[in-house]
1. Tally the residues that are assigned to a helix (DSSP H, G or I) and under 24 Å from B:R300 (Cα atoms), restricting the search to segment B:470-516.
2. Could you count how many residues in segment A:10-30 are at pLDDT 90 or above and either within 22 Å of A:G67 (Cβ to Cβ) or within 7 Å of chain B (Cβ to nearest Cβ) (or both)?
3. Is it the case, given these coordinates, that B:V92 is modelled with pLDDT of 95 or more, in a helix (DSSP H, G or I) and more than 13 Å from chain A (Cβ to nearest Cβ)?
4. All but one of (1) modelled with pLDDT under 95; (2) of a type in the set (V, I, T); (3) surrounded by fewer than 20 Cβ atoms within 10 Å (Cβ to Cβ) hold for B:I539, so report the exception by its number.
5. Return the residues of segment B:126-141 that are buried (at least 20 other Cβ atoms within 10 Å of the Cβ) and either among the aliphatic types (A, V, I, L, M) or in a helix (DSSP H, G or I) (or both); say none if nothing qualifies.
6. Pairs please, first residue from segment B:429-452 and under 16 Å from B:R364 (Cβ atoms) and in contact (Cβ under 8 Å) with a residue 40 or more places away in the chain, second anywhere and charged (D, E, K, R) and not in a strand (DSSP E or B), Cβ atoms under 6 Å, 6+ apart in sequence or on different chains.
7. For segment B:95-113, give me each residue that is within 12 Å of another protein chain (Cβ to nearest Cβ) and either buried (at least 19 other Cβ atoms within 10 Å of the Cβ) or in contact (Cβ under 8 Å) with a residue 24 or more places away in the chain (or both).
8. Quick check on segment B:30-42. Is at least one of its residues hydroxyl-bearing (S, T, Y) and in a helix (DSSP H, G or I)?
Amino acid sequence: MVERSVQVINRNGLHARPAAEIVKAAARFRSDITIVRDDLEVNGKSIMGVMMLAAEYGSQLVLRAHGADEQDAVSTIATLIESKFGES
Amino acid sequence: MERAIIGIPASAGIVVGPVHLLRWEVPDVATRILADDAIPAELERFRSAIERAKVRLAHVRDRAASHAGPEEAAIFDVQISILDDRDLAAQVESFIHQNLAAEKAFDVVMHEWRQRFAHHTSPMMRERVGDLTDVHIRVLSILLGLPDHDPVDVPKGAKAILVTHDLTPSLTVQLDRDAIAAIATDAGTRTSHVAILARSLGLPAVVGLRDATVRLSGGEQAVLDGSTGTLVVNPTDAEVDVYRHRAEREARDEAELRLLASAEPVTTDGVRITLRANVDLPEEAGSAATSGAEGVGLLRTEFLVVGRTTMPDEEEQYRAYRRVVEAFGGKPVVIRTFDIGGDKLPAGGFPHEPNPFLGWRAIRMCLDESELFKVQLRALLRAAMHGDVRIMLPLVITVDEVRQARHLLDEAAAELQERGVPFRRDLPLGVMVETPAAAMSADVLAKEVAFFSIGTNDLVQYTLAVDRGNVNLAARFTPLHPAVLQLVKRTVDVGHAAGLEVAVCGEMASQPVMAFALIGLGLRQLSVAPRSVPLLKRIVRGVSVELAAEAAAAALASDNAAGAERQLAGRLRAAFGDASFLGDGLLGS
């Protein structure tokens, strides 16, 4: 299993469009992917789950992946979140 | 059935056309129990409904993208992702495995999710309920065999009257004006989102019809009259004739006024008056530019935040401002910074106040939330690369606010500099004069700003302590009250003496008597809704500054608003003879 912390740094947080982008990226991996915020743990491939995180600007998240491409999965999603989803 | 349904007039104009009824509400679902051997087929039925919904959504998205833009159509991508959610599908399928029919299974699961989002503490979550509801309705409609009726499917040229409960954002982006000629909604008031949107798109609309979606079945012929707030169903031939005649007359009057678009706004004694447009939405910029307006006297920026919970980022704001600036090709565009707070809030984002018009709003909120304000200032500095942008601060009561705003503007510029983003630094910074405090401090303010723009509606409201939205006070809301005229005059005199440009950007300037009074008080710049520009031009071309000044002096010397109006109206009528366009509304009352 691979685990990594990441901070939400885009102003608008993980609202609908970023959540959809995360889910789309996660779906490309075979590993199970979970995202954790405080004591809430959700499936990274489910948009309902990712939206439930209500991760606003500045939130700390933990990404976890378990499976054949776990390394790649975690770094891809972390990079996406750190790229601010094209927001400035 | 009573054939005339009376609502609230929201946007003027007459349309005769077929009703396109959109019942965009979650249908009632009866519980249906399956036999064990029906379960596999039911699972299949559920999956194919999801697939069908996705195909529909992709279609709606593509159509919306082609007439509203890809940004706006992204809302449908989110809905497609919801349909792709395996966890959500698994919950529904587990209910089907327990012998529940697909529509009930889906209904139960979606109700639960919507509850969870609706009651969440985060406004970001509550904002998503609309998307969940859209998905809920769409899939249930398919499972229950209800017709698809997305507004994007109304054929071009249909000139239909869209009748719906309320215009949600996802419906709004689907509006194709070649297909939908008018809007009628059960919900809404004159100032609600749908009314503002309809006016700015020039679509006739009636709101507040209460139960039109229940009383109509769709496909009926109807007449919508946006000036009286009436929807006439199955009109007789005679009624259609009457409305057609009225519509033709209105169109003729407008065409005549449009001819004035290229005429010079010069008074009979040769004084040039600059006429600009008030713009609410970037989509309006094109039509405002062809109305004959020489730039934008007031670009409201609230469209960026009303009805949403997240603030627009710098990029989105920059693109919106740039669009307007480019439509006016180098002519001045005065952009008012966020006038939010009070009645115009991003949903759930700010505290509820007992007295919002005297509350934490406009420049007050922007200065306290300086990071949020600087996002807007950076977007404005960047948009200024594409034309003549001027920044206007609303609800200013003291010069300190101007100084603080200027300080933040410098910070915003420094931040852009550091990022290496192109921007223009030397934008004119002006203030709205809409409080007695600003008018009385005009001499102090004049030393620190580049222009004044008088906001007449608020100046009247704050001077007279009369709530402009209160119907019981309508008769007391008197713009020609001598106290208001004195404040306007003082602002104009002080501003001009200091060499500033002074404008009026209230809708009131579109009323003939008010325009006449304002010219008489010394104003040489007026800004009104694009539709009113030609009429205003006609007033300007028919009066002399000399006569207007004499009328204004007489109005100032009157002891009340009625007396002032008599002084002005008498002279204005004399100047125009019995011109019908002065018509029933010297003061619009």
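1. The total comes to 13.
2. 12
3. no
4. Of everything listed in (1) modelled with pLDDT under 95; (2) of a type in the set (V, I, T); (3) surrounded by fewer than 20 Cβ atoms within 10 Å (Cβ to Cβ), B:I539 misses just condition (3).
5. Across segment B:126-141, the qualifying residues are B:D131, B:L132, B:D134, B:V135, B:H136, B:R138, B:V139, B:L140, B:S141.
6. Qualifying pairs under 6 Å: B:E434/B:D458.
7. B:V109, B:M110, B:W113
8. There is no residue in segment B:30-42 that is hydroxyl-bearing (S, T, Y) and in a helix (DSSP H, G or I).
The values are calculated or read from the model by the stated rules, or taken from the named source; none is laboratory data. Computed from a prediction, not measured in an experiment: that's the story for all the values here. Glycine also receives a Cβ, built like all others from the backbone with ideal geometry; neighbour counts cover every protein chain displayed.
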